[in-house]
Every structure is written in C-alpha cells, then in structure tokens.
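Please read the structure below before turning to the comments.
The values are calculated or read from the model by the stated rules, or taken from the named source; none is laboratory data. Just so it is clear, the model here is predicted, and its values are computed rather than measured. Cβ sites come from the backbone with ideal geometry, for glycine too, and all protein chains shown count toward neighbours.
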Amino acid sequence: MAGGTSYVGYLNYIVILFLATGVFTLWVDIAHYNKDKGMNKERKVALFSGWMNVVLGVLMLIGSWLYKRYIW
C-alpha cells in the first residue's frame with residue numbers, strides 16, 4: 001500500500017483491555033492498599049496506573065471514533 005491508509009482492526013480489543021485493567025486496578029488494588037496503611041507509596045502508584053489505563057482507553061476510544069467518522 002504505497003499511499004493509502006489502513007485501519008488497525010485490533011484497536012477495539014486494546015481499548016477494552018485498557019479500560020478493564022484500569023477499572024480492575026482501581027477496584028481491587030486500591031481496596032487492598034486501603035486496608036494496609038503502611039503501603040501508601042504503592043497505593044499512589046496503583047492509583048496513577050489505574051487512572052492512566054482508564055484515560056488512555058477513553059482517549060483511544062475517542063480517537064478511534066474520530067478516525068472512523070472523519071478520516072476513514
């Protein structure tokens with residue numbers, strides 16, 4: 001494909017994985033770290049990682065929609 005564009009068909013799976021792992025991290029890990037008060041640094045990293053996954057999943061979902069709507 002010399003000058004054309006192509007669409008990655010696995011993007012929907014990546015979005016679902018980002019969202020699922022982010023929600024799972026926020027739900028399970030944060031509940032665990034809230035019980036153990038001595039792991040404050042690990043709790044902050046889990047919060048950052050979980051929210052980063054959720055945000056990346058949402059941004060990829062919006063980007064995919066924009067790409068399909070206006071470019072493809």
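Report every pair of residues separated by at least 6 positions or lying on different chains whose Cβ atoms are under 7 Å apart, first residue within the range 15-44 and over 19 Å from residue 56 (Cβ atoms), second in a loop (DSSP other than H, G, I, E, B).
Short answer, once both residue conditions are applied: 33/39.
Specify the residue that is modelled with the lowest pLDDT; the eligible residues are those in the range 1-59 that are surrounded by 15 or more Cβ atoms within 10 Å (Cβ to Cβ) and aromatic (Phe, Trp, Tyr).
Among residues in the range 1-59 that are surrounded by 15 or more Cβ atoms within 10 Å (Cβ to Cβ) and aromatic (Phe, Trp, Tyr), the one modelled with the lowest pLDDT is 33.
Tell me, which residue of the range 25-72 that is of a type in the set (S, T, N, Q) and under 23 Å from residue 11 (Cα atoms) is farthest from the chain's Cα centre (by Cα)? Spell out how you get there, then give the answer.
Step one: list which residues in the range 25-72 are of a type in the set (S, T, N, Q), which gives 25, 34, 40, 49, 53, 64.
Going one step further and asking which of them are under 23 Å from residue 11 (Cα atoms), we end up with 25, 49, 53, 64.
On the way: 25: 11, 49: 9, 53: 3, 64: 14 Å.
Within the range 25-72, the match that is farthest from the chain's Cα centre (by Cα) is 64.
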